[in-house]
Amino acid sequence: MELSTKYNPHIVESKWYAYWLKHKFFASKKDPNKEPFTIVIPPPNITGVLHMGHVLNNTIQDILIRKARMEGKNACWVPGTDHASIATEAKIVKMLKEKGIQKSEIGREKFLEYAWAWKEKYGGIILNQLQKLGASCDWDRTAFTMDEKRSKAVIDMFVRLYDKGLIYRGLRMVNWDPEAKTVLSNEEVIYKEVNSKLYYVKYKLVGSEEFIPVATARPETILGDTAVCVNPNDERYKHLVGKQVVVPIINRIVPIITDEYVAIDFGTGALKITPAHDMNDYEIGKKYNLAIIDTIAEDGTMSQACGVAKYVGKDRFVVRQEIVKDLEQAGLLLKVEDYKNQVGTSERTGAVVEPKLSEQWFIKMKELAQPALENVLNDNIQFHPPTFKNMYKAWIDNIQDWNISRQLWWGHRIPAYYLPNGEIVVAPSLEEAYAKALKINPNLKKEDLKQDEDVLDTWASSWLWAISVFDEDEIDYYYPTTVLVTGFDIIFFWVMRMIIAGYELRNEKPFHHVYFTGMVRDKLRRKMSKSLGNSPDVFKLMEKYSTDGVRYGIMASSVAGNDIIFDTEVPKSQKPEDIAEFEKLEPESKICETGRNFANKIWNALRLVKSWDVDENLPNNNQIAIEWFTAKLNQVLAEVENQFDQFRLSEAITTIYKLIWDEFCANYLEMIKPSYNLQAQKPFPIDALTFQATLSFFDTLMRLLHPFMPFITEEVWQNLQPRKEGESICIAPYPKSQPFDNQIIKEAEQVFEVIQNINNIRNEKQLKKNLELELYFNSPNPALYETKFAFAIRKLAKVGKIQFSTQKPTNVVSFVVKNAEFFVPLPKEINKEEEKAKISKEIDYLKGFRESVLKKLNNEKFIANAKPEVVANERQKLADAEAKIKALEESLTHL
């Protein structure tokens, strides 16, 4: 079949993905004769659409799973989605509002009907988008955190932990999201520095004009004050301790108490205590048995309990401004200062979080967390990069009980049932709960039981993901999974909790490795998000650069754990300073263009090779080229395997790119390419042995590259040889390194450096490309240049005569490679002064380089701690530099 002149990625991508699905190459079944390689996808929210973070995370997973599949392992990549309680419920509430329907009007059951309908319509979009990315998941295994099997696992886990005394219901100060109207865990609160005001207010002593000054950033909470507290060591207020003050606006009489918690040097040193609306105040309130007055309602408005009719029902921030005015009018506002402070906001809605006293469900975490800490610190579970162990340890060392209840309808409803007398029974179903309740009170009816209205925190379902996605008869085969690929930002939310769940349920880790990706950010280093509108349209990128191009771009930019700056913007203006600034922050999308060009380069190389005629009778004149590339290929195969072992995937794709572009296309193909037959107007034929070796190299290179760029590699591989229906590169063996000749690689490196120098001279001296040059050299290994690699120098540098010479010819440009000196005669007189300046500059550079190497070699610590091969390499660098300096100084003397 004739190859098209241009590579068309869009046709190729849809064609081969459909082919892979048709032949079920991605399917995995339990097979005791095969080693499993298992990945569970971090389930994206059903509200999600593909963004650059997904592209990065899922490309990494696909690379690992495709390589494992080619290695003959039973590669199982389980896809699925997360129900995402808060985010999804917010979407559905918004949708209903647009239809004029209030959530509270229709009730729970009707609301859930709308929610499931929404999920069926939109919930799978992101999984379909992952197919466009080339994700080779076993789609028959697609799971959902609220499907029947996963729901059963979640409810069973709740019952298990409750029965063990690890889940309890308690009254606690919690983080309340007034927009979502639900509690948040500490980890779901994002603290932001904001410019606030500090208000200094008079609290008058009862029956006196004397006052104690109190500073507050939240004057709206004055209405809930039940004490004023000072430090017992604060001399300013010792005479006031035990007296009473009148709370402004509300006129409540409260005591002045002491506690060492109060900082003498902050504000006025006197603290208003509002136990219902501040975490620390709540603890002081408990300690001194203070009244708790909840003045802020669930929606963030002032409640009846605030005691001032004109404030009731108004937003807390509106009331803040009104109270400040009222304080001023009453002569109780001393002053107002600018103040920077940290304000907690909801990760999901962005609303300012309200500390609120509420009865909630909690999991005791201290005891559960111990195996999760030990098995990360001892590398039973390996983090990549390992530096994240420090962050992980810090989280666990400071772990608090996990608030797992949420005041929502979309989610796993808590399996707790209340009896009329307030007692609680916990069971997987109403029937089982009723059976338990009858043991407490035989006269109960089933309808007497009322199930808890709350649902579980979303993370309380996804922490079981690595277990719940497998059937009972296969979990011992697939679990522990091989690797988890995730962002470091959910190391506490998800990674730690999955490890805890794994040891609690199965006494085994959930995965062997965790690969932490960096955050994908824009040029301003902001996390890419829909709300900021700074995430490029992934599909437009794939349309422009091809899917392989985008996969290459994101991977070549991504070092494990490091942030990726990825932007498609242009300079602010065409002013030189703006362009210069833009160039400093070169958008990584340009590297997608490199990926697209790489695919085109491979395609053109295929067209070149397939255009050659083969003559079975021709002798093989390319044996050295074949031997060299065989060695080079095996060297790189070993290097890439080492990079995979260490999860250095960004380095691996760069290594493969250089092998294909620089070594295979630029060097090997140019060395063996038949010369052009002008008479026949086509290349001369190539010998059969060289042709077959070249096809074999091409085949190996495509298999090596396939996990990174699956589409171009399948298209090329299918066109290298006749293939049968059902054959595919994605199940072809992944190449393995064989022993190789390191000597020929070193020799070739020297030869390519010679060629590069000759071509540089041609460009610098503006010599015609078709002008055949001569090369004289003085080397202890003349055969290397005169015979062994002479064919390469002649072809790649357009050189005719190559001759060993101990005498330096006249009118030449010289250069040094290793311990050999080379001379290129020029057709016109050289400018001696220019040549002297050039050589002097190179000598200066080499002397500086020599000094840096000597500094290392004279460092006792370096010699003592570095590997012997590293020290030997530095000594070789020194010897090479000194040989070059000597040769160049002789050239300078000669000039």
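The values are calculated or read from the model by the stated rules, or taken from the named source; none is laboratory data. This one's a predicted model, so the numbers in the text were calculated from it and none came from an experiment. FYI the Cβ positions are ideal-geometry reconstructions off the backbone, even for glycines, and counts take in every protein chain you see. These area figures cover heavy atoms from the full protein model, side chains too; ligands, DNA and RNA do not enter into them. Shrake-Rupley method; radii C 1.70, N 1.55, O 1.52, S 1.80 Å.
With respect to the conditions (1) part of a loop (DSSP other than H, G, I, E, B); (2) without any contact (Cβ under 8 Å) to a residue 40 or more places away in the chain; (3) of a type in the set (D, E, K, R), LYS736 lacks only one, and its number is (2).
When restricted to residues that are more than 18 Å from the chain's Cα centre (by Cα) and surrounded by fewer than 21 Cβ atoms within 10 Å (Cβ to Cβ), region 483-503 contains 1. Filtering region 619-632 to residues that are part of a loop (DSSP other than H, G, I, E, B) and open to solvent by less than 70 Å² (accessible area, probe 1.4 Å) leaves ASN620, ASN622. Just so you know, in region 96-109 the residues that are surrounded by 14 or more Cβ atoms within 10 Å (Cβ to Cβ) and not β-branched (Val, Ile, Thr) include one that is farthest from GLU179 (Cα to Cα), and it is LEU96. Of the residues making up region 393-400, not a single one is charged (D, E, K, R), assigned to a strand (DSSP E or B) and under 27 Å from SER185 (Cβ atoms). Total residues in region 439-463 satisfying the condition of being touching a helix residue (DSSP H, G or I) at 6+ places or on another chain (Cβ under 9 Å) and either buried (at least 22 other Cβ atoms within 10 Å of the Cβ) or assigned to a helix (DSSP H, G or I) (or both): the figure is 11. Per this entry, GLY313 is counted among residues that are at pLDDT 95 or above, in contact with a strand residue (DSSP E or B) (Cβ under 6 Å, 6 or more places away or on another chain) and not aliphatic (A, V, I, L, M). Any residue at all in region 645-653 that's of a type in the set (Val, Ile, Thr), more than 30 Å from GLY518 (Cβ to Cβ) and at pLDDT 95 or above? No: region 645-653 contains no residue that is of a type in the set (Val, Ile, Thr), more than 30 Å from GLY518 (Cβ to Cβ) and at pLDDT 95 or above.
Looking at ALA87, ALA68, which one is touching a residue at least 40 places away in the same chain (Cβ under 8 Å), crowded, with 23+ Cβ neighbours inside 10 Å and under 23 Å from the mean Cα position of the chain (by Cα)? The unique qualifying residue is ALA68. PRO386 meets all of the listed conditions (1) free of Cβ contacts under 8 Å to residues at least 40 places away in the same chain; (2) over 27 Å from the mean Cα position of the chain (by Cα); (3) assigned to a loop (DSSP other than H, G, I, E, B) but one, namely (2). If I ask for residues that are more than 20 Å from LYS601 (Cβ to Cβ), open to solvent by 20 Å² or more (accessible area, probe 1.4 Å) and polar (S, T, N, Q), which ones from region 664-698 would you list? Once the filter is applied, which keeps residues that are more than 20 Å from LYS601 (Cβ to Cβ), open to solvent by 20 Å² or more (accessible area, probe 1.4 Å) and polar (S, T, N, Q), region 664-698 yields SER675, ASN677, GLN679, GLN681, GLN692. For residues in region 331-352 being assigned to a loop (DSSP other than H, G, I, E, B) and modelled with pLDDT of 95 or more, which is surrounded by the most Cβ atoms within 10 Å (Cβ to Cβ)? Among residues in region 331-352 that are assigned to a loop (DSSP other than H, G, I, E, B) and modelled with pLDDT of 95 or more, the one surrounded by the most Cβ atoms within 10 Å (Cβ to Cβ) is LEU332. Whenever a residue of region 465-494 is in contact (Cβ under 8 Å) with a residue 24 or more places away in the chain and in a helix (DSSP H, G or I), its partners that are open to solvent by 10 Å² or more (accessible area, probe 1.4 Å) and of a type in the set (Ser, Thr, Tyr), lying with C-beta atoms within less than 7 angstrom and at least six residues away or across chains, give the pairs ALA466/TYR479; ILE467/TYR479.
Among the residues that make up region 146-160, is at least one of them modelled with pLDDT of 95 or more and more than 26 Å from PRO44 (Cβ to Cβ)? Taking every residue of region 146-160 in turn, at least one turns out to be modelled with pLDDT of 95 or more and more than 26 Å from PRO44 (Cβ to Cβ).
Of everything listed in (1) closer than 26 Å to LEU449 by Cβ; (2) in a loop (DSSP other than H, G, I, E, B); (3) modelled with pLDDT of 95 or more, the single unmet condition for GLY422 is (3). For beta carbons closer than 6 Å, sequence separation of 6+ or different chains, a first residue in region 11-39 that is within 15 Å of ILE712 (Cα to Cα) and of a type outside the set (S, T, N, Q) and a second that is open to solvent by less than 70 Å² (accessible area, probe 1.4 Å) and modelled with pLDDT of 95 or more, the qualifying pairs are VAL12/PHE711; VAL12/GLU715; GLU13/THR547; GLU13/PHE711; TRP16/PHE711; TRP16/GLU714. Summed over region 9-29, the residues that are open to solvent by less than 20 Å² (accessible area, probe 1.4 Å) and farther than 16 Å from LEU130 by Cα give a count of 2. Looking at LYS746, LYS808, LYS769, LYS724, which one is under 29 Å from PHE691 (Cα atoms) and modelled with pLDDT under 95? When all the criteria are applied, what remains is LYS769. Look through region 210-224, keep the residues that are free of Cβ contacts under 8 Å to residues at least 60 places away in the same chain and open to solvent by less than 10 Å² (accessible area, probe 1.4 Å), and return whichever of them is farthest from the chain's Cα centre (by Cα). Filtering first and then ranking leaves ILE212. The condition of being among the polar types (S, T, N, Q) and in contact with a helix residue (DSSP H, G or I) (Cβ under 7 Å, 6 or more places away or on another chain) holds for only one of THR274, THR268, THR221, that being THR274.
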